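So the structure is just underneath, and the comments pick up after that.
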Amino acid sequence: MRRIVPFFAFLGAIGCAEVDNEPIADDRVSGQAAHAEALYSSNCASCHEGNVAGAPDRSALARLSPAAILEALNTGVMKEQGSALARIDRILLSQYLGDEAAGANVAVDYCDGELEFSGSPLWNRWGATARNARFQNAENSGLSVSDIPELELAFAFGFPGAQRARSQPAVTREAIFTGSQSGRVYAIDTQTGCAWWTYEAGAEVRNAPIIATDNDGLPKTLYFGDFEATVHAVDAKSGELRWTKSVKDHPDGTITGSLAMHDGTLFVPMSSTEIVSAYIDDYACCTFRGGVTALDASTGEPKWRWHSVDQPARVGKTSAGSDILAPSGAPVWSTPTVDEKRGLLYVGTGENYSSPANGNSDAIVALDLATGRQRWAMQATPGDAWNAACGREPRPNCPSEDGPDFDFGAPPMLVELSDGREILLAGQKSGEIFGLDPDRNGEVIWRERAGMGGFNGGIHWGMASDGNTLWVGIADTPGNRFAEGPPRPGIHAFDPATGRALWSRIEPPTCSEAAYKCMTALSAPLSAIPGAVFAGAHNGRLIAYSSNDGTVLWSRETNRTFETVNKVEAKGGTIDSAGVVIAGGMVIVNSGYDKFGEIPGNVLLVYRVRAGS
């Protein structure tokens, strides 16, 4: 049981004008606890006791501040569920489940002086380049294969009040830029871990910042999106706001994927939490339309908007008597890929939320960079409709298809092959990988299976390629009835020109429990440098593999507590969603992920070659 805050504080929180500050009787506290536990049992337990994938379990909720839980119930991911509760009950429930200490205002250790840049960014964008291949050249990585065994922890930075750390950093020689669950964005000094500046976005920032440079190639503006679907542009040197722009066109709209940028235009991928709202029996499912919004990078003014589905219309009634609206969903979970040569933007889409499914779900779609007009789509899995209602009984909002929920959560990669031809490489949660011809409207050149597939992959968040080899991380978490073949968690290499398998390293469980702490499965995106591929695992292992044969070159345990430079209590956990960044001789990773029952954590780790090596 979580400690109940004094009742006078509770009354003050709900707006009572006068409150007696006398200590409250034990029976009053006991009564509050019983009422709060009943609220949890009747309104929350069915999701948070493991029945809904993606819902943090109760131990993860207990590490959040009451304010964070209340925000989720009032305006965040749980607002549909929270709307069924009285305001007083929402407050009491949040205080009962949360830990007040987690919300303590932690002082920031600011650096002396002002941030000055000496060169262009070392790792920028989600995929290191606009093509999203996640291959870092030797100059920017500052790391050779011979250096890797000498890597040691330089410092750890803790995110206060957080249970996940999923904003992949952007890096210069002087600063590491990253967001946090609280919505605070940090510019962290690469040498000492002090903060050059912080910026309060007001909602969780879970994507990778992107840095725009000036005419001399020096960082000028930092762009990122937040959980409330607002795009922020801030000064890279000072953190001062330049502009913000909401791109939300649905109450449940959010930004999960990272922004892309080309020629003065930002491309914003649109996803949503309506997949969770559909869990409510009488919710009219569904009306969200996935897509991309293009903004002027100087002002934030909209240029165009593309939706992955047409305007939903009523197509029937559920067994609970609610409207069924379709088509819906097909969110864009990942960062778009820029093809400057062909004037195209490539995006991967997710499943539809309601029946019938349309032709743009589970697809790679090409859009005109200038207008957003759809040029072509390659749909890998037709007829995929699924939402969170499918994970329970009764389930009036579950579409008749009931899955398989095989999104393209990993962005397509535009890669130049050794013979000079270009190819689009795409990985799907089904465990399949695709080679597409960008000059023939996405025609499938080859299609191969790398893993069995699952709700969290298969291929979940991303692959890597240097044009000679395609490296594929496989999670293959159990539970999807559409999975094919045996599980193959680990790393696999393919010829990107033909799809021919080159080598595989299967990562068996490290213990006997059916738990994430035992899974060295690779859900987070891979990152490569010449000679090595870096990966983060479900069990918190950080691993460097040989890019030639999968031999483990180096590994570290991040699922533990760390002493941090900013004196925040912190531990690592599952590495998921955000990939490893290699820049300027540093290996940087965020560790901790509290969704799907994975291992919570709140730390950013920076490794460097041991001094004197």
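Scanning region 326-351 for residues that are farther than 20 Å from Pro269 by Cβ and not in a loop (DSSP other than H, G, I, E, B) gives a single hit, Ala326. If you go through region 218-255 and keep only what is of a type in the set (Phe, Trp, Tyr) and either without any contact (Cβ under 8 Å) to a residue 12 or more places away in the chain or in contact with a Pro (Cβ under 6 Å, 6 or more places away or on another chain) (or both), you end up with just Phe224. Can you say whether Gly54 is buried (at least 17 other Cβ atoms within 10 Å of the Cβ), closer than 27 Å to Asp594 by Cβ, modelled with pLDDT of 75 or more and among the small types (Gly, Ala, Ser), as far as the supplied structure shows? Taking the combined requirement at face value, the residue does not satisfy it. Exactly one residue out of Asn441, Asn397, Asn456 is closer than 27 Å to Asp263 by Cβ and either in the same structural domain as Asp296 (by TED's automatic domain parsing) or not in a strand (DSSP E or B) (or both): that is Asn441. Restricting region 404-453 to residues that are of a type in the set (S, T, N, Q) and surrounded by fewer than 22 Cβ atoms within 10 Å (Cβ to Cβ) leaves a set whose member that is farthest from Val332 (Cα to Cα) is Ser418.
Counted as qualifying within region 265-325 are the strands (runs of 3 or more DSSP E) with 3 or more residues that are within 14 Å of Asp249 (Cβ to Cβ) and within 24 Å of the chain's Cα centre (by Cα), namely 265-272, 291-296, 302-307. Of everything in region 268-323 that is acidic (Asp, Glu) and touching a residue at least 40 places away in the same chain (Cβ under 8 Å), the residue that is nearest to Val347 (Cα to Cα) is Asp310.
Taking the condition of being over 18 Å from Arg164 (Cα atoms) and under 23 Å from the mean Cα position of the chain (by Cα), how many residues in region 189-200 meet it?
2
Pairing each residue of region 518-545 that is on the phi > 0 side of the Ramachandran plot and surrounded by 24 or more Cβ atoms within 10 Å (Cβ to Cβ) with any residue that is assigned to a strand (DSSP E or B) and of a type in the set (Lys, Arg), provided the two are 6+ apart or on different chains, yields no C-beta distance under 9 Å. Is it true that some residue in region 555-567 is assigned to a loop (DSSP other than H, G, I, E, B), in the same structural domain as Asp384 (by TED's automatic domain parsing), free of Cβ contacts under 8 Å to residues at least 24 places away in the same chain and not small (Gly, Ala, Ser)? Looking for residues that are assigned to a loop (DSSP other than H, G, I, E, B), in the same structural domain as Asp384 (by TED's automatic domain parsing), free of Cβ contacts under 8 Å to residues at least 24 places away in the same chain and not small (Gly, Ala, Ser), one finds at least one in region 555-567, hence yes.
Under the condition of being surrounded by fewer than 18 Cβ atoms within 10 Å (Cβ to Cβ) and either of a type in the set (Asp, Glu) or touching a Ser or Thr at 6+ places or on another chain (Cβ under 8 Å) (or both), the residues counted in region 298-322 number 7.
The values are calculated or read from the model by the stated rules, or taken from the named source; none is laboratory data. Note that the coordinates shown come from a computational prediction; the quantities given were computed from them, not determined experimentally. Here the Cβ is made from the backbone with ideal geometry for all residues, glycine too, and neighbour counts use every protein chain on show.
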